[in-house]
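The values are calculated or read from the model by the stated rules, or taken from the named source; none is laboratory data. These numbers were taken from a predicted model, which means no experiment stands behind them. Every residue, glycine among them, receives a Cβ derived from its backbone with ideal geometry; neighbour counts consider all protein chains shown. Ligands, DNA and RNA are stripped out before the accessible areas are found, and what is left, the full protein with its side chains, is counted by its heavy atoms. Shrake-Rupley method; radii C 1.70, N 1.55, O 1.52, S 1.80 Å.
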Amino acid sequence: MSDSYKKRWYVIQTFSGFESRVAQSLQEYIKIHYMENYFGEILVPTEEVVEIRSGQRRKSERKFFPGYVLVQMIMNDNSWYLVRSVPRVMGFIGGTSDKPAPISDKEVDLITNRLQKAGDKPRPKILFEPGEIIRVSEGPFVDFNGVVEEIDYEKSRLKVSISIFGRATTVELNFSQIEKT
């Protein structure tokens, strides 16, 4: 099989927030125009994140690359035009506007590995680092600033050093009780 008939990965820029809709529309356009042989996978890279809202743990999806969709396809005039004709598609990334460049296999491997890791375990929506300064938004220490000492993502809690009457005191707080400064 020659290189011109090999499916390569391309990055499409879309309106932010419409990535899933663009992927769905593209699949419909491919079927309508009988171009299934020119297209492979269509990916909207996402990861599952956990956030605490009103004391409840909620899972939601966060996009790795907001505003972008990855498409495996054979690039020719017809397939290029089909992708460009999908509503909310702004164009291809890389190369020139009429001759887009595919992304490397190494980049594709990095993205798919990241997707597999993300599927294993949901990540918290907000990440904290030891030494980071936070503000307490709920509870007996409301409006106090503190320094993050330890983080427990399993229990959605962290240990924070707060200065009370001039002395550093370590308190344990839920993620819902704090905010980043």
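Data overview
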quantity: Contacts under 9 angstrom Cβ, first residue in region 43-62 being within 16 Å of residue 16 (Cβ to Cβ) and among the acidic types (Asp, Glu), partner in a strand (DSSP E or B) and at pLDDT 70 or above, 6 or more apart; calculated: 61/46; 61/47; 61/48; 61/49
quantity: Residues located in region 102-119, provided they are free of Cβ contacts under 8 Å to residues at least 24 places away in the same chain and in a loop (DSSP other than H, G, I, E, B); calculated: 104
quantity: Checking residue 130 against (1) part of a loop (DSSP other than H, G, I, E, B); (2) open to solvent by less than 80 Å² (accessible area, probe 1.4 Å); (3) at pLDDT 80 or above, the condition it does not meet; calculated: (2)
quantity: Count - residues of region 8-44 that are assigned to a helix (DSSP H, G or I) and of a type outside the set (A, V, I, L, M, F, W, C); calculated: 12
quantity: Hits in region 134-181 (condition: exposed (fewer than 12 other Cβ atoms within 10 Å of the Cβ), touching a residue at least 24 places away in the same chain (Cβ under 8 Å) and part of a strand (DSSP E or B)); calculated: 180
quantity: Scope region 131-157; condition among the polar types (S, T, N, Q) and over 26 Å from the mean Cα position of the chain (by Cα); matching residues; calculated: 137, 145
quantity: Index of the failed condition, residue 27 passing every other in (1) open to solvent by 90 Å² or more (accessible area, probe 1.4 Å); (2) within 18 Å of the chain's Cα centre (by Cα); (3) of a type in the set (S, T, N, Q); calculated: (2)
quantity: Flag for residue 97 being assigned to a loop (DSSP other than H, G, I, E, B), exposed (fewer than 13 other Cβ atoms within 10 Å of the Cβ), over 15 Å from the mean Cα position of the chain (by Cα) and of a type in the set (Ser, Thr, Tyr); calculated: yes
